[in-house]
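Enquirer: Before I ask anything, here is the structure I am working with.
The values are calculated or read from the model by the stated rules, or taken from the named source; none is laboratory data. Nothing here was measured: the structure is a model prediction, and the numbers come from that model. Cβ coordinates were reconstructed from backbone atoms using ideal geometry, including for glycine residues, and neighbour counts include every protein chain displayed. Accessible surface is based on the protein model in full, side chains and every heavy atom, while ligands, DNA and RNA are left aside. Shrake-Rupley method; radii C 1.70, N 1.55, O 1.52, S 1.80 Å.
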Amino acid sequence: MKNKAVKIVLICAAATLAVCLSIGAAGYFLFFRDVESHNLDIYKKDQIVSNGRMPDVEELKPCNDISFTYYNEKFAFFESHGYTLTAYYGNNEYPEKKAYFMGKSQVEKSFTHGKFDMIRLKNSEYDKDFPKVAYYYGFNDETRQIVFVHFHDGDIDGASDLEVLNICRFDKAVSYKNQTDYNSQIEI
C-alpha cells in the first residue's frame, strides 16, 4: 500500500509540473511579446486619432519615398506602442517641407538625437501627460529625412525623450531605407 501511495503522489507531482510548465510557456507568449509591423493600415488608424499631429500621407507629397514602422512591446499587462513614419525628400523639396512641418507644430521641447534635430510637440488637453503620450518630429538635413513619431504607454511613470525614442526603436525605424529587405508599402 505504501509503494502505491508514493507512486500516485509522484505521478500527481509530475502531472502537476507538466501542466504548470505548459501554462507557463503559453503564458510567456501571451504576456511577453514584441510585434513589429510595416502595415500602412496601422498608421492610418493612428493618424486619425492623432488630431493632425501625425500627418496625412497627402501632406507629405512630393516626397521620394516613405517608410513606416509600428512597434508594440508587451510585458504582462503593460504595453508600449511606437509609430514612426519617415519621409525622404529631394534637395528642392526638403527645405519647404521642413518649414511647413516646423510651422504646423507647437513645440514643447527641442533636442538632438543622432543626426536628427528633434522636437516634441505639446500634448493636447485631451492627451495624457508626457511620457504616457508623446509626439515628435525629427529633421535630418544631411539625408533630407523628416520623421514623425507617436508614442503611447498608459502605464509608464517616467522616461526621458531618448528613452521614449529607444522604446519606439527610432534608430531602427529610420534606417529601413538602407535595408534591402524592406519594401515601402505606401504609394506616393
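Enquirer: Can you tell me how many residues within the stretch 115-127 are open to solvent by 60 Å² or more (accessible area, probe 1.4 Å) and either in a strand (DSSP E or B) or in contact with a strand residue (DSSP E or B) (Cβ under 8 Å, 6 or more places away or on another chain) (or both)?
Expert: Of the residues in that region, 3 qualify.
Enquirer: Please give the strands (runs of 3 or more DSSP E) falling wholly within the stretch 1-110 in which 1 or more residues are open to solvent by less than 50 Å² (accessible area, probe 1.4 Å) and at pLDDT 85 or above. Break it down stepwise before answering.
Expert: Values: elements: 32-37, 65-75, 78-88.
Fully inside the stretch 1-110 and qualifying: 65-75, 78-88.
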